[in-house]
1. For the protein assembly as shown, what does -39500 (n - 2.57) per DSSP helix run (n ≥ 4), summed and divided by total residues, give at 222 nm, in deg cm²/dmol to the nearest 500?
2. Subtract the Cα-Cα distance of residue A:166 and residue A:80 from 0.36 nm times their separation in residues, and report this length gain in nm to one decimal.
3. Taking the Cβ of each residue in B:75, A:1 as the centre, tally the other Cβ atoms inside 10 Å and list the residues starting with the fewest.
4. Taking the 0 to 90 degree range and rounding to the nearest ten, how far is the long axis of helix A:71-89 tilted relative to the main principal axis of chain A, both from C-alpha atoms?
5. How high is the relative contact order of chain B, in percent, counting Cα pairs under 8 Å that sit 6 or more residues apart?
6. How far apart are the residue A:93 label points across copies, placing each 7 Å from Cα toward Cβ, in nm, shortest first?
7. Could you give, in nm with one decimal, how far residue B:225 is from each other copy of that position, shortest first, with labels 7 Å out from Cα toward Cβ?
8. Assume the label is 7 Å from Cα along Cα to beta carbon: what separations in nm does residue B:56 have to the matching positions in the other copies?
């Protein structure tokens, strides 16, 4: 029996209307729809985004991906999730995995896909790209992310002061993801480099709880959620 | 009379199904749909992407943005395009401007928007983000663009050998846009750094003429189109 296909479906940053037509078609067609399980009894972000499109006949498969750094625990979680998905794929049933943002951009989907490919090399995987958070954030700010010759750097986390200063020495646009845990240090550096006036933070871009911060000069302390990103436009936009 | 709204609609990299639901809704609602004019009598890329969604009652407004570096000529073209769009906006008519990729990512839309804001500060602009070419290219390659702690650099053009070597010294993932004009030099550098096996080129990602190049070791010479991008995964993906 031929195995089913795993579709990695990028469902965008939060606004359910930022799903693509292709993503929606494949979500609707899939007999099984998987997504990262929510935390503390709350539905996860991807699950909220797709909720209105799911039909009762579809099997919903929440998969647990713990927020930990321990490689062994992570690997265990990926294997367990891969097993749950393979259960359906091995019977010839397609599975759509919905993930917030783009599934190729710092996404949980990759670990599931790589674990499956490792355990079951015959697995068929198709990826549907989507709207990533830096572009969603730029859109809600009403700004372009990048123009013309501008060099763009995206740092996902764990950036040091040295990293930041080096990057800001040559890149025109810098995006820091998950800035919540290091905001105070980042603020100090941007202050020293006189870049606070060209820096912007978006919390939960396009989600219900979206917050935008301009005027960072006045905000050395901010209590930010996990899904917060900072955009530095180190070069003044040309007109 | 209130002025109309200009919607900057990201229509994605090429596959018409990669349009978002929001982009499609706003495109269908707009009395006037603008897009970059094609070259040599051919329809432009954005125009091809949206063709099937346009209704006969909608006014189609091709806008000319020449492929030149001369700032004076560019400014003239942006002013002319802004004038064509303002003609409708000033009468209270909404205009949807459709642009390939994401309108905030190295896009012609920004020049139109900034010129309009400069000439008519009362203009209302809304941006709908979309699927950008690096994520579309990663999807068709079946690869994640970025994972975990990986630092991503995107260089749009005009990169020097020194730029590339510096970036590859610390970034885990590098994307070069419009690699066509400098491919030979880039190949030499990647060869020297032994990164050709972790490098991939996608021509016209998700468009009808899509071509994928693996095995760049064997391809020191490639005749690439304008819409070609190169992804270097300088760090081996973890499993």
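1. The helix-only estimate for the protein assembly as shown comes to -9500 deg cm²/dmol at 222 nm.
2. Additional length available on full extension: 26.9 nm.
3. A:1, B:75
4. Roughly 40 degrees, rounded to the nearest 10.
5. 22
6. With the label placed 7 Å along Cα→Cβ, residue A:93 yields 5.3 nm.
7. 4.1
8. Copy-to-copy label distances for residue B:56: 4.2 nm.
Computed from the coordinates by the stated procedures, all read-outs in this text should not be read as laboratory data. Just so it is clear, the structure is predicted and the values come from calculations on it, not from any experiment. Here Cβ is always computed from backbone atoms with ideal geometry, including for glycine, and neighbour counts include all displayed protein chains.
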